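Laboratory data are not the source of any read-out in this text; all were calculated from the coordinates shown. Predicted model, so just to flag it, every value in this text is computed and none were measured. No Cβ is skipped: glycine too gets one built from the backbone with ideal geometry, and neighbour counts run over all protein chains shown.
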Amino acid sequence: MALLVGAGLLTTQPVHLMAQNPTPAQQEKSFKGKITRNVTAEYLLFLPRDYDRNKSKRWPLILFLHGAGERGTNLARVKVHGPPKIVQAQPDFPFVVVSPQCPTGQRWESDVLLALLDDVLKKHRVDRNRVYLTGLSMGGFGTWNLGLSHPERFAAIAPICGGGDPLVLLLADPRKSRALKSLPVWAFHGARDAVVKVGESERMVDAMRQMGATEVKLTVYPEAEHDSWTETYNNPALYDWFLSHKR
């Protein structure tokens, strides 16, 4: 045992222990775990009138996301706008239409929507290369988010009076860069929209163009306020545009 005296310090610790480095305050660690989650979704499903006549045909599909006003537990509310409204009068509408309902107080969650989409694709004769995404207001935000986070899943997207976070593009997984750049986008907005400013759509369209998107466009209705969806969904050109694209 060594006895050291100096500078007012007296210790009986072994010299070889004093020479060792102290344990660092931060250490590098790793964690591996598994997270599971059960999800549910209530939705409207429309199948074209001729769906059962030709068992070999695979149909294009539209996933429609409603706005904040249609949230809840009454699916009839989802029918007030967009494709689920249109198909009530057009039984020969040439798409399978999936229209989920977002619960009260919640927003669209991408993992729930993708799980629902996977289930529909498994159970019905859908052309997986012609899956389209659209939504209005809160659903427009959901369309931007889901479409840009998973561009490989959709042949084209049409967000209406929505917006998003350009960081989704800036921070995107490089492996999705090609799918993002080739994702066709047609956005719509009212110039007089006081609920969601037209700048929200302009910002997302500009961000896509800056990252090299090959087909992105924005239609602004000069006199429209927040309701830019009625004119959009009543325009056959939108559905022709959808059908002109495959993933």
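Here the chain is scanned for GluC sites (Glu not before Pro) in DSSP loops (not H, G, I, E, B) that have at most 12 other Cβ atoms within 10 Å, and the longest stretch holding none of them is 29-222.
Once both axes come from the Cα atoms, what is the angle between helix 198-210 and the longest principal axis of the chain, in degrees from 0 to 90, rounded to 10? Long axis of 198-210 versus the principal axis of the chain: about 70 degrees. Taking a point 7 Å out from the Cα of ARG192 in the direction of its Cβ, the residues of the stretch 212-235 whose backbone N falls within less than 11 Å of it are 222-227.
Gyration tensor over the Cα atoms of the stretch 189-239: the corresponding equivalent ellipsoid has semi-axes (square roots of 5 times the eigenvalues, largest first) of 21, 16, 7 Å. In this simple spin-label model, placing a label point 7 Å from the Cα along the Cα-to-Cβ direction at both ALA68 and GLU223 gives a separation of 2.8 nm.
Under conditions of 37 °C and 0.692 mPa s, the stretch 55-138 yields 244 µm² s⁻¹ as its translational diffusion coefficient, taking Rh as the Kirkwood radius over Cα pairs in the Stokes-Einstein equation. For the stretch 27-168, the Kirkwood hydrodynamic radius comes to 16.0 Å, computed from all pairs of different C-alpha atoms. Rounded to the nearest 500, the 222 nm mean residue ellipticity of the chain from helices alone is -8000 deg cm²/dmol, with -39,500 (n - 2.57) taken per DSSP H run of at least 4 residues. Only lysine pairs 8 or more places apart, or on different chains, with alpha-carbon atoms under 29 angstrom apart are counted in the stretch 39-243, and they number 24.
Normalised size of the stretch 98-190, defined as Cα radius of gyration per 2.2 N^0.38 Å with N residues, equals 1.06.
Within the shell defined by Cβ-Cβ distances under 9 Å, the residues around ARG247 carry a net charge of +3, with Lys and Arg each +1 and Asp and Glu each -1.
Based on the Stokes-Einstein relation at 37 °C and a viscosity of 0.692 mPa s, and on the Kirkwood radius from alpha carbon pairs, the stretch 131-247 is assigned a translational diffusion coefficient of 237 µm²/s.
Taking a sphere under 10 Å around the Cβ of ASN129 and counting the other residues whose Cβ falls inside, with K and R at +1 and D and E at -1, yields a net charge of +4. The tail of the calculated P(r) for the chain beyond 28 Å holds 41 percent of all Cα-Cα pairs. Positive contributions from Lys and Arg (+1) and negative ones from Asp and Glu (-1), summed over other residues with Cβ under 14 Å from the Cβ of HIS81, come out at +1.
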